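Quick notes on the structure that follows.
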Amino acid sequence: MIPVIAWKSLKSLKLECVTLNDDQILNLLLSGCPSLETMELYDVGGFRRLETNSLNFKRLNLKNHRVPEVDSDSDVDIDIDNENVNDPSLEIFAPYLEHLEISGNLDNLKCRLVDVSSLVNARLTFYISCIKHVRRDHGDDIGVDEYSCQDYHQGFRILIQDYLQKLSCATELTFGSWFTEVPCMLQFKGLPVPELKCKYLTLELNMESFDLYGAAGLFGALPYVETLNIDMTENHLLLRP
């Protein structure tokens with residue numbers, strides 16, 4: 001039995017290195033903290049949907065989110081073709097959220113922004129793993145053919161395209177290296193890049209993976225930018241093709 005949570009005065013909550021068994025626990029936390037303004041989740045996993053309609057919930061920091069694991073004692077086979085492994089996702093539904101940060105290693109997680117319509121500031125510097133590494137980490141020795149790899153990466157490109165649409169009204173944005181690759185690919189395929197109203201843009205780029213054409217494609221969607229900061233690093237944690 002899950003206990004009732006009633007922290008009516010709590011404004012800030014940080015969870016680190018814990019696993020929540022399902023979505024219900026997290027949503028009970030959110031509903032039991034009506035004054036909550038800031039939530040930080042570092043190395044927290046076990047849930048697939050974060051949902052709150054609270055007018056007070058303004059800031060979310062998510063780092064190294066871990067996908068729900070399949071219980072080895074259950075009737076579900078742990079297989080790379082299983083949806084839990086092959087296409088894990090996390091949905092964020094927070095219509096009054098104003099500040100969002102997603103960073104660290106998401107492995108092969110697709111973090112979907114369902115409703116973040118009030119965002120004014122977003123920092124998206126997370127990195128993901130190629131399907132080759134995902135299969136290896138799950139003990140699958142079968143090689144990955146070229147088409148499977150392309151389809152896998154295409155799924156994340158579609159996700160980034162959706163991000164650009166959902167972030168179109170945000171005024172301050174920070175993007176990581178691989179994020180800049182997508183606008184150029186969209187333009188190459190004749191697809192429109194959503195126009196962004198961003199005024200303050202920061203790019204945290206890796207010197208080894210920096211894509212000038214990708215950055216140029218992103219710049220073309222930023223007619224209102226007033227301040228541009230580019231931070232070049234030697235971080236070796238990359239999305240590998």
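The values are calculated or read from the model by the stated rules, or taken from the named source; none is laboratory data. Just so we're clear, the structure is a prediction, and the values are computed from it rather than from any experiment. For neighbour counting, all protein chains shown are included, and Cβ atoms are generated from backbone atoms with ideal geometry for every residue, glycine included. The accessibility values were calculated without ligands, DNA or RNA, using every heavy atom of the protein model including side chains. Shrake-Rupley method; radii C 1.70, N 1.55, O 1.52, S 1.80 Å.
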Legend entry - Potential extension, residue 56-residue 169 segment - 0.36 nm per residue separation minus Cα distance: 38.7 nm
Legend entry - For residue 8, solvent-accessible area (1.4 Å; no DNA, RNA or ligand), Å²: 150
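For residue 16 and residue 232 in the same chain, what is the full-extension length gain: residue separation times 0.36 nm, less their Cα-Cα distance, in nm? Walk me through the numbers on the way to the answer.
On the way: separation 216, 0.36 × 216 = 77.76 nm, distance 2.86 nm.
Full-extension gain reported as 74.9 nm.
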Inset, instruction - Leaving ligands, DNA and RNA out of it, work out the accessible area of residue 231 with a 1.4 Å probe and give it in Å² to the nearest 10. - result: 70
Legend entry - Options 39, 53, 25, ranked by Cα towards positive dipole end of segment 25-64, top entry (Cβ charges): 53
Legend entry - Tensor-based shape of segment 1-67 (alpha-carbon gyration tensor, a/c under 1.5 rounded, otherwise prolate or oblate): oblate
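GluC sites (Glu not before Pro), restricted to segment 1-60: which are DSSP loop and have at most 16 other Cβ atoms within 10 Å?
Hits after loop and neighbour filter: 37.
Among residues other than residue 99 whose Cβ falls under 13 Å from its Cβ, what is the net charge (Lys/Arg +1, Asp/Glu -1)?
-2
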Legend entry - Two-site label geometry, residue 5 and residue 24: point separation in nm, points 7 Å out along Cα→Cβ: 1.4
Inset, instruction - Among the listed pairs 11/166; 14/110; 8/110; 58/197; 63/166; 14/199, give every one whose C-alpha distance is greater than 24 Å. - result: 11/166; 8/110; 14/199
